[in-house]
Amino acid sequence: MFLFLLLFFPFVLVAASVIKGSFKEYFVPAVLGAFAGIFTCLIYTFFIFPSSSFSFGFASNFARILFKNIFLPMFLSGAALFLLLKDPLETRIKALFPYWIVFYALFIPCTTISGKTDFSFFELFLRPVLYVSMLVMFDGVWDFFLLKRIKAEDKTAASDYGARDEVFGIDRHRSGDVKNIIMLCLALLSVLSFPAAVETLRFIGAPRPVWILMFVVYAAAAVYAACKVQTHFRREK
């Protein structure tokens, strides 16, 4: 019953490493992600899960799911990775995908199974796909908005602007670069918020076709993003 829930994340990690040829680059982040996942699951199991009395309003449940399942674990675990790795910023950003895949390979089964005896099709099959889609989309946003597109713009403009005040490769004094920062933040926020919205609609009993359609669109967008990333890497080679 739990086979897909437990194996889907590792399968995606192996597939991504084969497609990108990134076995060595993925190994250390994956190991660190396993430790972070185990530690977080212990914290959630003993200190966070027991305290629950939920309302049925969308806003309160959306905020709870977004904070507890996405913002809090991703921020804390991501900060830990950035502190542990001493590589260049671009390398650390790329390490987030394998790191979070392994992290969520432990976190999602833990948050699904803990304290429950009955499990729905959504929890066992759709929820893992939803969060893998989130990580694929997150990785795609970083790749296209930050590491590729903005980097290319900076190379062509560097000779004209002399000394630059840069954050993540973006000159804060250029209006075009500031717009890119805003677009990046909005894109990342949208990517991270969508799974919480789907889970919330299902939790509060919204019409099934609504959240199923949202799930299908989001998963399809993740597949498209993954294909675009792969096409981009092939062109680079």
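Could you list, ordered by first residue, the pairs with Cβ atoms under 9 Å in which the first is in the range 96-120 and more than 17 Å from ILE70 (Cβ to Cβ) and in contact (Cβ under 8 Å) with a residue 12 or more places away in the chain and the second is part of a loop (DSSP other than H, G, I, E, B) and of a type in the set (Val, Ile, Thr), at least 6 apart or interchain?
Within 9 Å, no pair qualifies.
For the range 30-41, give me each residue that is of a type outside the set (Val, Ile, Thr) and either farther than 20 Å from LEU72 by Cβ or not in a helix (DSSP H, G or I) (or both).
If the condition is that a residue be of a type outside the set (Val, Ile, Thr) and either farther than 20 Å from LEU72 by Cβ or not in a helix (DSSP H, G or I) (or both), then ALA30 is the only one that fits.
Out of the range 84-111, which residues are part of a loop (DSSP other than H, G, I, E, B) and aliphatic (A, V, I, L, M)?
Correct list: LEU85 only.
THR45: farther than 23 Å from VAL198 by Cα, loosely packed, with under 13 Cβ neighbours inside 10 Å and hydroxyl-bearing (Ser, Thr, Tyr), yes or no?
Answer is no for this residue.
Name the residues in the range 60-111 that are farther than 22 Å from LEU5 by Cα, β-branched (Val, Ile, Thr) and surrounded by 15 or more Cβ atoms within 10 Å (Cβ to Cβ), would you?
Once the filter is applied, which keeps residues that are farther than 22 Å from LEU5 by Cα, β-branched (Val, Ile, Thr) and surrounded by 15 or more Cβ atoms within 10 Å (Cβ to Cβ), the range 60-111 yields only ILE93.
Among the residues of the range 42-60, are any touching a helix residue (DSSP H, G or I) at 6+ places or on another chain (Cβ under 9 Å), part of a helix (DSSP H, G or I) and farther than 28 Å from LEU201 by Cα?
no
Under the condition of being assigned to a helix (DSSP H, G or I) and of a type in the set (D, E, K, R), which residue from the range 112-129 is surrounded by the fewest Cβ atoms within 10 Å (Cβ to Cβ)?
The selected residue is GLU123.
Considering only the range 1-40, how many residues are among the charged types (D, E, K, R) and within 18 Å of ILE108 (Cα to Cα)?
Residues flagged as among the charged types (D, E, K, R) and within 18 Å of ILE108 (Cα to Cα) within the range 1-40 amount to 0.
Does LYS179 count as touching a Phe, Trp or Tyr at 6+ places or on another chain (Cβ under 9 Å) and of a type outside the set (A, V, I, L, M)?
When the stated conditions are applied, LYS179 does not pass them.
Against the condition among the small types (Gly, Ala, Ser), over 15 Å from ASN69 (Cα atoms), assigned to a helix (DSSP H, G or I) and modelled with pLDDT under 90, how does ALA226 come out, does it pass?
yes
The values are calculated or read from the model by the stated rules, or taken from the named source; none is laboratory data. Treat the numbers as computed from the prediction; the structure is a model and nothing was measured. FYI the Cβ positions are ideal-geometry reconstructions off the backbone, even for glycines, and counts take in every protein chain you see.
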